[in-house]
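**Student:** Structure below; questions to follow.
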C-alpha cells in the first residue's frame, strides 16, 4: 500500500523545510529570499495558491502560485504556478503531481480555468512533467532584454 501525500496551505513555519529542499536541489540556500516570499504569500496571495506537500510526517515539497487578472493581455482571471520544489529523496513519487492537482482544483473552485507556468526550454524534465499533468505549450511568447 502506498503512503498518502498530504497537501496543505503553506505557512511561515515551513521556511526551514523550503530552504532545505532548495539547498538539496540546487546547492544554494536562500533563507531571506524564502522568508520574503512566504510573507508575500501570506499577505497578498489567496490561501490556496501556495502549498506544502507532506509525506512520512515531513515536508517533502512546495508550490508557490498566484492569481491574476488581465495579465499579459490574457482575458479574465488566471492562475500561475511560479515554482515547485520537491525534496530529491521524494522525487518520482507523485509529490509534484499532487501539488499541481491541488492547485488546479482550488483554482477551479474559484472559477479559474486558465492556468499558466513558465519552463525553460533547457529543462526537458519539467517540460515532460507539465505535459504529463495536462499542460500544453501555450501561445505566449517570452521576451527578454539582453
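None of the figures in this text is laboratory data; all of them are computed from the coordinates on show. Remember, it's a predicted structure, so these values are computed and weren't measured experimentally. So basically every Cβ, Gly included, is an ideal-geometry build from the backbone, and we count neighbours across all protein chains shown.
**Student:** Evaluated at 37 °C with a viscosity of 0.692 mPa s, what Stokes-Einstein diffusion coefficient in µm²/s does the chain have when Rh comes from the Kirkwood expression over alpha-carbon pairs?
**Tutor:** Value of D from the Cα-based Kirkwood radius: 205 µm²/s.
**Student:** Determine the relative contact order of the chain: mean sequence separation of Cα pairs under 8 Å and six or more apart, normalised by residue count, in whole percent. Could you put the intermediate results ahead of the total?
**Tutor:** Details: 196 pairs, mean separation 30.1, N = 146.
Relative CO of the chain lands at 21 percent.
**Student:** May I ask for the angle, rounded to the nearest 10°, between helix 95-109 and the longest principal axis of the chain, with both axes built from Cα atoms and the value confined to 0 to 90°?
**Tutor:** Taking the Cα atoms of the chain, the angle to 95-109 is about 50 degrees.
**Student:** Here's another thing I want to ask about it. Calculated FRET efficiency, residue 72 and residue 29, Cβ-Cβ r, R0 22 Å, to nearest 0.05?
**Tutor:** 0.10
**Student:** Can you give the FRET efficiency for residue 20 and residue 136, using 1/(1 + (r/R0)^6), R0 = 35 Å, r = Cβ-Cβ distance, to the nearest 0.05?
**Tutor:** Once rounded, the FRET efficiency stands at 0.60.
**Student:** Same structure, new question: Kindly provide the helix-only [θ] at 222 nm of the chain, computed as the sum of -39,500 (n - 2.57) over DSSP H runs of four or more divided by all residues, to the nearest 500 deg cm²/dmol?
**Tutor:** Rounded to the nearest 500, it is -10500 deg cm²/dmol.
**Student:** Okay, moving on. By how many nm would the segment from residue 122 to residue 39 grow when fully extended, if each residue of separation counts as 0.36 nm and the alpha-carbon distance is taken off?
**Tutor:** Gain on extension, residue 122 to residue 39, equals 26.8 nm.
**Student:** I need 135, 72 ordered by Cβ neighbour count within 10 Å, fewest first.
**Tutor:** Exposure proxy ranking, most exposed first: 72, 135.
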